[in-house]
Each structure stands twice: as structure tokens, then as C-alpha cells.
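Following: one structure in C-alpha cells, then a few remarks.
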Amino acid sequence: MDSDHTPQAAGSVLAPAADAPPAAAPRIDCRDIKVFYGATQAIHGVSMSFPDRAVTALIGPSGCGKSTFLRCLNRMNDTIENCRVEGQILMDGQDINDHSIDPVLLRSRVGMVFQKPNPFPKSIYDNIAYGPRIHGIATSREDLDAIVEKSLRRAGLWEEVKDRLQAPGTSLSGGQQQRLCIARAIAVRPEVILMDEPCSALDPVATARIEELIDELRKRYCIVIVTHSMQQAARVSQRTAFFHLGNLVEMGETEQIFTNPREKRTEDYITGRFG
Amino acid sequence: MLQQLGHLPMGWLLIALIAVFASVAFFVGRIGAERILLSGAPALHSRPNYHGYFVAMWAIIPAVLVALVYAIGAEPFARGQLTSELPPAFDLLSAPELQTYLDSVSLAARSSDYAGTDLVFTAVTNRYLEIIGGLNIGALALMGVGAVLGLLFARRRLAASFRARSLVERGMEGVLFLCAVVAIATTAGIVISLLYESIQFFSVIPIWEFLFGTRWNAQTEAEFGALPLFFGTFMIALIAMFVAAPIGLFSAIYLSEYAGPKARAWIKPILEILAGIPTVVYGFFALLVVAPAVRSLALWINETLINIGLASEPLLAAQPTSALAAGLVMGIMVIPFVSSLSDDVINAVPQTLRDGAYALGATKSETVRNVVVPAALPGIIAALLLAVSRAIGETMIVVMAAGKSARISMDPTSDLTTITVQIVSLMTGETGFDDPKTLSAFALGLVLFAVTLLFNVIALRVVQKYREKYD
């Protein structure tokens, strides 16, 4: 599971986070984000920032806009008809909605893991190798092998699949598929990983594995996770943001949010009085 | 009197009577059930309406049976009876001649003014009408008796605890089952008759000679080597698929992945109109527009090749009807089959798969090429197979534009013939069931049926496998 055993070559292609500035510097800074689906406004001016090398959890009742907000961060909302995003999202000081930014390149820097595991109809190896191939990250077969191995190791899946890399990705169990998707996201060397309820389709054992993995990945990436499970938010995140009806109600250190929320609505939600 | 009854419009009468019996019986049953309630029974097992349906069911069944027997048996019985009563002079007629005579009798019987032309004919027709009239009145009486008996029988069973509802449900199931049986039985009948006639044909012409013989000359020489026909069919279907597979598939991809809702709302119906154009229209389009164009192109190629010294004589046959012309137009015809089915399977690919690719930074075309199409591939293959089986069975276009010479030639500008074209030409004109010429059409039909069945079965299998994967 650890990356210490991986070849040197792969280490150099992967993980630019190793020389990134120390934690707590904001990796992404959002200013007054508004999202519209046609005439309906889904998000009403949200400003927040995401620190590097930390997990930020977005919580809130269904339909509160947390997934929509998450999808702004890698411009996945572009693929939705009549969806419009306003406001500034600065990543390393650059507005990602700027015309000069190619969403395709942006998405290679901001990986995403979805609610339901969605391995491609390809082999395990090709699932991981797909991203590096289309971005030309690997120059040789050995490079690619190394990236695949390293990504699978980081996702904690290597030991389970190393003997059947050519088996179809869909032949894995649900939890394994989700880790495969995480490995796939890691393989393109992202700086940020977005997770949209990554455990909602998994059983408790698989969930625990993914949570361990998230904790491991935190050392290298800026992670934003949307979750319905408050225990999960409390377990894996360092910072938590509570959304309600398209507004950011409260954001702070996870411990503070769960033990001493400033807002009444936050308290009501985390104590289960609504939502 | 009986003769007058022969003019009864039995079809309408039977249907009207069945309707009358059904409604009367329904009310008898319903009123009966209500009366049971009034007489102090605590509660009925089934609601009064179900008692009504039950009694109606029993009244209709005998009536429908009588009507069916009448519809199938009346005419043959009347003819048999009439034939046995005909004067001995009619023995001179051969079987087909007698058949024709009887046909004209029954045709005349339907109009009222046949009298006066030919005394014998008039007498025979009058007698025919008498027989039919007797059958008519008999059928109506039998129907009435049956309906009343059924009604009485059912009425007597009504009681508070009677489970009319379950019996009606079973009756409904029976009706639905019968409808399914009719469809299956028809198919089976067609297949059996194909098989039967083919076996007769193969007793004259050995099956190997038919399947692998290379000389086909059914009309004049009685040579039945069908290989050139298979080749022609295959060649034209292949050309058609060269047109339909890329155009159909790419337009499906455009429609499902790129087109906005507005473009889609326009393009999809237009593509489907292609499927609604009668094939005969495609046929004359092929004959009058495409075939001459193919010919002049082929002539131009011949001339150019000779002029620049690459060939010393014409390379292409450049005939007025050609496999290429028929294949091209047939390809246009099957585009909607490919595009519409592929569009469905591409739309069935879960959105999460596309999201997964986009989230990795794949462009739209990379996503389509590497993720969407591979995921939809089984369905796309099935669509192509169905299109192939459609192309193989297509008749009108090839009859008009492919030509009639049975030959094996790789030159697409020469005229080829197909299985379907030969069936048409064998079946038009004078035919007789004892002639191997006619029988060979059945053998060809059997081959055609077997091949398209095979393609359809494979296509369905592939689609099923695909479904298991994503649900």
C-alpha cells in the first residue's frame, strides 16, 4: 500500500505534491460562486477556500447544492446543458473559468471520484493507464507499468489485483471498483481530488478501507469530499462546510463544527433534527 | 326460401349475435348475483359484475366455436356437396378446371344478377345458394342453442360463495394465450410449408448441387446451382453495409453525444423517415439515378485507365444495372436501422462512465472513442447484424436495380442477382407446385429464412449479454 517500494522513475513522474508548499496554504479559493440551472438558482453566492494537503468535507441535506458546488471545481458542470456558473474560482491564483483555461487540462489537475464506481469497460490495467495515455504522461511501456503499479499501490488495491491486471475492471467487487476509480484518478497526477459521496454505494467494510485510503492520500493531495454521513465527515476531514438550500451556512475546523457549531441550523442538522 | 337465406351477410350477423348474446348474458349474470344479495346472503365472493362476465363468457364460448367452424368449414362443405350432386357431364373437367368453375359459381352467388346467361350455370349457382342457405340457418340456430345452454349452465352455478372472479381471470388468460398461439402457429405453418416444399425439391435436385453448384439457370435449363445467388446476395449486402455501418453509426454518435436537444428533435425524425420510404421508391431511385451514375463513372474509369496506359481493355463491366447501384441504395435504406438502434444503445451507456472519462481530462471524442463506443459495442454489433439480415431479405431494390444474371464476379459494376430476385422471378408468371422450378423458390426461401434467423438470433444473444452487464 505504501509508495516506498515503487521504482524511482515513477516517483519522479508522479506526485508533484512532494515539493508543493506546506499544508494550510489555500489550494483553491472560491469567491461568490453562483450556479444556475436554466432559470433556477442552485447556489447563492458561496465563498470558501480549500487548503492543500487536507480533507475538506461538504455536508448538508439532499438538494442543498454541495454536489453542484463540487462539480464547479473541475468544471464538470460544463457538460450539463443550460448550467451556468458565475463567480471566481482561483486555483494557484488563476481563475479556472477563464477563457484561457482548457477544461480538459483542468480536469487532469483536478481528479474526481463519483458516487457509483464507474470503471470503464476495459481491463484493470487499461482503466488506470487510460488517463496517462491520453495525456501523454508515460513515454514508454515501463513508465506506464510503473504508473499503473504506483497508482494501484496508493489506492491500496495492488496486492489484490496484481495477478489479474488484464481482468475487466467490472469484475471487481464494489469496494475494489471504487478504489480502482481512485487509482485511476491518481494516475493522471492531479493536485486536487474531488469525491462525490464515494462510499454511498459501498458496505461498511469497503467504506472503512476507502476512509483509510483518504486519510493516506491527504498527505499528498488537496481533497474535497461530499458526504451524507456525518460520522464519515467527522472521521476523515479536517475542515467541514455545511450547506443548506444553496448557501454555505458555516465552515470551520471539523472538530469545532461537530462539537461547537456557531449556527443554529448547523447544530440542528448534525444533531439530526432535520435533513 | 333456402336460396334467399344464402344471401345472408353471415359475417356481420355472427358478430352482432355474439355481441347480443354477450350483453344479455352479462346482465343475466349480474342481476342474478344482485338477487342473491337481496335474498339475504351476507356477501358475495365476487362483485356482481364478475358474475356477469362469467355468464357472458359461457354464453360466448359455444357461439364463437360455432362461428369459427362455420367460417372455416362452410365454403368447403358446400363445394363438396355441390360437386357430388353435379351431373355426370362435369366429370370431364380436370381438377383445376372444376376448381375454377366452382370459384366462378361462388363469386356469382355473391352478386344477385347472375341469372339468364347460362342455364346450367344458373341452376348450379341456385343449388349452391341453397346449400349455403341451409348452412347459414343451421349455424345461426346452433349458435343460439349453444349460447342459451351455456348461459343457463353458467347461471345455475352462481351462488354467494361462487368464485366468479378467479374463473374470469382464467378466461382472460386463455384469450391472451390463444392470441399468442395464433402468432406462433402461423410462423410454424410457414416454416413447415417451406420445409415440406424444400424437401420435395431436394428429392429432385440433390442438396449439395443446390448449395454448391455454380450454374443457375432455373427458367430455361433447369440448372439449380444457387452459389451465384448466395454470392450476389452477400456482395450486395456487403456493399450496403459499407455504406450503412459508418454513416449509421456516426450519425447515431452525433445524435446521442453531440447534438443539442433542438438538432436532435429535427434530425432523428428525419432519419426515421428514411425507414418509412417504400422500398419500391428506393428501387426506382436506384434504377433511374444511381445505376446510370455508377455506369458512367465505371465507363470514365475504364477510359481513363486505357488513356493513361494502365489497362489495354475495359476493366469494369459498367453494366446498366449493377451490384454497386443496388448496394449503395440499399445501404441508404438500412441507415436508419443502424442509427436508431445504435442511438438507443449509446444512450443506454450510463452517464457516470462519460463523467468518469471527462473527470480524467478526456476530450469529447476521446470519451466517445475509448469509453462510450466500447461500452455500447455489443449493442452496436447487434444493430449491424439486424441491418445485415434486413439487407439480405430486401427484395424490391435488387429486383429493380441489381440485374438478373447469376454469376460470380468481384466486379461491383457488373450485374448480379440475389436470392430474393430469383424467388420473385420464379414465382411470377406460370407456376405449378409439381415443377422443380417453383419448388426451388421454396428452397431459396428456406435458405434466406435460415440465414436471417441466424443473424437475428446472434443479435438478440449479443444484446442480452450486454443488458446483463449494466442493469
Can you compute the FRET efficiency between B:Ala180 and B:Phe153 using 1/(1 + (r/R0)^6), with r the Cβ-Cβ distance and R0 = 25 Å? Round to the nearest 0.05. 0.35
Using amide H atoms built 1.01 Å from N in the peptide plane, name the residues 5+ places from B:Phe224, or on other chains, whose amide H lies under 5 Å from its own. B:Asn217
Label A:Asp102 and A:Arg273 with points 7 Å out from Cα along Cα→Cβ: what is the distance between them in nm? 5.2 nm
Most fluctuating residue of A:Gly45, A:Gly136, A:Gly169 in a GNM of chain A with Cα springs under 10 Å: which is it? A:Gly136
XL table B:Lys404/B:Lys437; A:Lys66/A:Lys116; A:Lys122/B:Lys268; A:Lys122/A:Lys219; B:Lys268/B:Lys404; A:Lys116/B:Lys465; Cα-Cα > 26 Å flagged, in table order, is A:Lys122/B:Lys268; A:Lys122/A:Lys219; B:Lys268/B:Lys404
From the convex hull of the Cα coordinates of region B:208-470, what is the mean projected area in square nanometres? 18.1 nm²
Chain B: relative contact order from alpha carbon pairs under 8 Å, six or more residues apart, as a whole percent, is 17 percent
Extending each Cα 7 Å along its Cβ direction at B:Asp113 and B:Phe242, get the distance between those two points in nm, one decimal. 6.3 nm
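About its Cα centre, how strong a charge dipole does the protein assembly as shown have in debye, to the nearest 20, once Lys and Arg get +1 and Asp and Glu get -1 at the Cβ? Walk me through the intermediate numbers first.
Values: 60 positive and 66 negative charges, 438 e Å.
Dipole of the protein assembly as shown, to the nearest 20 debye: 2100 debye.
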Taking B:Val124, B:Val191 and ranking on accessible area (1.4 Å, protein atoms only), highest first, one gets B:Val191, B:Val124
Points 7 angstrom from Cα along the Cβ direction at B:Ser94 and B:Thr428: gap in nanometres? 2.6 nm
Cβ-placed point charges (K, R +1; D, E -1), dipole of region B:154-306 about Cα centre in debye, nearest 20: 1300 debye
Could you list log10 I(q)/I(0) for the protein assembly as shown at q = 0.05, 0.12 Å⁻¹, which the Debye formula gives when each Cα is one point scatterer? -0.51, -1.22
Expected output for region A:104-129, residues with a loss of 30 Å² or more in accessible area relative to the chain alone at probe 1.4 Å, reads A:Val104, A:Arg107, A:Phe114, A:Asn118, A:Phe120, A:Pro121, A:Lys122
Determine the order of A:Trp158, B:Trp58, B:Trp208 by accessible area, beginning with the largest, at a probe radius of 1.4 Å. B:Trp208, B:Trp58, A:Trp158
Per residue, what volume in Å³ does the Cα convex hull of region B:269-408 take up? 163 Å³
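Counting only protein heavy atoms and a 1.4 Å probe, tell me what percentage of the protein assembly as shown's accessible area is made up of carbon and sulfur. Each step should come with its number before you reach the end.
Working: 22820 of 36240 Å².
The C+S portion of the solvent-accessible surface of the protein assembly as shown is 63 percent.
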So which GluC sites (Glu not before Pro) in region A:52-148 are both in a DSSP loop and have at most 14 other Cβ atoms within 10 Å of their Cβ? A:Glu81
Amide H neighbours of A:Arg27 under 5 Å, at least 5 residues apart or on other chains, H built in the peptide plane: list them. A:Phe50, A:Asp52
With all distinct Cα pairs included, what does the Kirkwood hydrodynamic radius of region A:212-275 come out to in Å, to one decimal, could you say? 12.4 Å
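List the chymotrypsin sites (Phe, Trp or Tyr not before Pro) within region A:233-275 that fall in a DSSP loop (any state other than H, G, I, E or B) and whose Cβ has at most 15 other Cβ atoms within 10 Å. Spell out each step's value before the answer.
Values: sites: A:Phe242, A:Phe243, A:Phe258, A:Tyr269, A:Phe274; in loops: A:Phe274.
Loop-located and lightly packed - A:Phe274.
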Residues whose modelled amide H sits under 5 Å from the amide H of A:Leu58, counting only those 5 or more places away in sequence or on another chain, are A:Ile225, A:Val226, A:Thr227, A:Ala241
In Å, what Kirkwood hydrodynamic radius results for region B:347-407 from the alpha-carbon pair distances? 14.5 Å
Chain A, convex hull of Cα, quarter of hull surface, nm² -> 14.4 nm²
Express the relative contact order of chain A as a whole percentage, based on alpha carbon pairs under 8 Å and six or more residues apart in sequence. 27 percent
Largest first, please: the extent of the C-alpha atoms of chain B along each principal axis, to the nearest Å. 99, 77, 41
Can you work out the Karplus-derived ³J(HN,Hα) for every residue in region A:95-102? Use 6.51 cos²θ - 1.76 cosθ + 1.60 with θ = phi - 60°, whole Hz, and x for glycine or proline. 6, 6, 8, 5, 5, 6, 8, 8
Among A:Phe114, A:Phe50, A:Phe36, which one moves the most in a GNM of chain A with springs linking Cα atoms closer than 10 Å? A:Phe36
Here P(r) for region B:2-162, Cα-Cα distances in 10 Å bins, as whole percents, is 10, 30, 21, 15, 12, 8, 3, 0
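How big is the B-A contact in terms of buried accessible area, both chains counted, 1.4 Å probe, rounded to the nearest 100 Å²?
Values: alone 25740 and 12220 Å², together 36240 Å².
Between B and A, the summed buried area is about 1700 Å².
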As straight-line cross-link partners of B:Lys262, the qualifying lysines (C-alpha separation under 21 Å, not fewer than 8 residues apart within one chain) are B:Lys364
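Please identify the longest segment of chain B free of exposed GluC sites (Glu not before Pro), where exposed means a DSSP state other than H, G, I, E or B and no more than 14 other Cβ atoms within 10 Å.
In short, B:1-220.
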What ³J(HN,Hα) values, in whole Hz, does the Karplus curve 6.51 cos²θ - 1.76 cosθ + 1.60 give for region A:143-149 when θ = phi - 60°, with x put for Gly and Pro? 3, 4, 4, 5, 5, 4, 5
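The values are calculated or read from the model by the stated rules, or taken from the named source; none is laboratory data. Every value quoted in this text rests on a predicted model; they were computed, and no experiment measured them. All Cβ positions, glycine included, derive from the backbone under ideal geometry; neighbour counts span all protein chains shown. Heads up: the accessible areas ignore ligands, DNA and RNA and are worked out on the full protein's heavy atoms, side chains in. Shrake-Rupley method; radii C 1.70, N 1.55, O 1.52, S 1.80 Å.
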